[in-house]
Amino acid sequence: MTTELAPVPPPKGGGDPTPKRRTADRVAFRIPAPPVSGVVRPRLLVVGLLLAAAAFLAFSVEISVGDIALPLGDVMKALAGTGDPGTELIVHELRLPRALAGLLVGIAFGISGALLQTVTLNPLASPDMIGITQGAGTAVVAGIVLGWDAGLGTQALGLLGAAVTGLLVYALAWKRGTTGYRIVLVGIGVAWICTSITDYLMARGQRFQAQAALGWLVGNLNGRTWDQIGPLAVTLAVLVPPAILLGRQIRVMQLGDDVAKGLGTRVQLVRVAVLLIAVGLVAFGTATAGPIAFVALAAPQVAQRLAGTPFPPPVAAGLTGAVMVLVSDLAARKLVPDTELPVGVVTGVLGAPVLLWLLIRANRAGSGG
């Protein structure tokens, strides 16, 4: 799904105009006109295609499930605009917004987590571990309890809270530059501060306000509308391309800040750019569906192990996040008869063992502190 740009010298004495160099896990290529060269990872490409197929299947099943079950064939016809009017009404107006919300939120959280884990060299550095998600949640809850949401809206409040929290974490971690280790430690502290403020606001708010905030804080896809999906879709279209383009600089930074600087990478500038992209993705994702727990933490790690790469691949992580959110929402709707649990309850149950496994693995590797 991603390519690593790398110079490949042209062939001498003629020969194949698009030569390839093969290794066990990658294929280097060069196209003379226009002059493009790069490296393709076949396993990553196959995993990406399989994840895309799994995400589309989960997306379709999500639409088919409801009080009136729809066959998958009828769902496909309705999505293509060739179904009967009744089915198209159910699909487009009632179920498609929820399914699209799950798909886009999962992509946003997965890519955001992959970027942060790669740039900090720490598998625990996800938005919900370093305070960005909590900051967005605090701002939205403040809007609900204090009445600000009528003026700004949850999208603007979520973006504002995540941006302020991200900048605060970066500023507090700054000491002649920043390191991934300091960002994680400072972020954990800031996350608890935001959680405490949110708890205070919940206790201060009236009963109906607290109930509305609590339902949103758990992470919920119920009642999603097209108005909530539009800003998130635009955010993904704007932020995902630069996230992919920064991939090479981010991977160079895995060699260490000194080596990366020696190779011409502007380390702090790249780190700030990655932080801003991650903040934007998680802010709009959180404003759309609430802070769905552990998706940004687990999805990059699952994608990395499926793809066999030394770093979490952003696109594969996004697709993994989409599958996790959609499958978890299906489980939340069917686990308890006649009750629809918030999707965050299921992701929390599934994500907690992943967090414990990462902590145990880091401790065994001698990096657990």
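The values are calculated or read from the model by the stated rules, or taken from the named source; none is laboratory data. It should be emphasised that the depicted structure is a prediction, and the values quoted were computed from it without experimental measurement. With ideal geometry, Cβ positions are generated from the backbone for all residues, glycine too; neighbour counts draw on all protein chains shown. With ligands, DNA and RNA removed, areas are computed over all heavy atoms of the protein, side chains included. Shrake-Rupley method; radii C 1.70, N 1.55, O 1.52, S 1.80 Å.
Arranged from highest to lowest average of other beta-carbon atoms within 10 Å per residue, in what order do the peptides 116-129, 343-356 appear? Could the numbers behind the result be given before it?
On the way: 116-129: 25.4, 343-356: 19.4.
With the highest mean Cβ count within 10 Å placed first, the list reads 116-129, 343-356.
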Original post:
In what sequence, highest mean first, do 315-325, 45-55 appear when ranked by Cβ atoms within 10 angstrom?
Top reply: 315-325, 45-55
Original post:
Once you put a point 7 Å from the Cα of residue 199 and another 7 Å from the Cα of residue 82, both along the Cβ direction, what distance in nm separates them?
Top reply: 5.6
**OP:** Order 200, 170, most accessible first, counting only protein heavy atoms with a 1.4 angstrom probe.
**Re:** 200, 170
Original post:
Near the amide H of residue 31, under 5 Å away, which other amide H atoms are found, from residues 5 or more places off or on another chain, if H is placed in the peptide plane?
Top reply: 36, 37
**OP:** For the stretch 62-133 and the stretch 271-347, write down the distance between their C-alpha centroids in whole Å.
**Re:** 10
**OP:** Compute the distance in nm between two label points, each set 7 Å from the Cα along the Cα-to-Cβ direction, one at residue 349 and one at residue 331.
**Re:** 0.7
**OP:** Report Rg (one decimal) and Dmax (nearest whole number) for the stretch 189-307, counting Cα atoms only, units Å.
**Re:** 18.2, 58
**OP:** Report the semi-axes of the equivalent ellipsoid for the stretch 226-274 in whole Å, largest first, where each axis is √(5λ) for an eigenvalue λ of the Cα gyration tensor.
**Re:** 31, 8, 7
**OP:** Determine how many Å³ per residue the convex hull of the Cα atoms of the stretch 232-369 encloses.
**Re:** 129
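Taking 0.36 nm per residue of separation and subtracting the Cα-Cα distance, what length does fully extending residue 146 through residue 237 add?
On the way: separation 91, 0.36 × 91 = 32.76 nm, distance 3.23 nm.
The residue 146-residue 237 span can extend by a further 29.5 nm.
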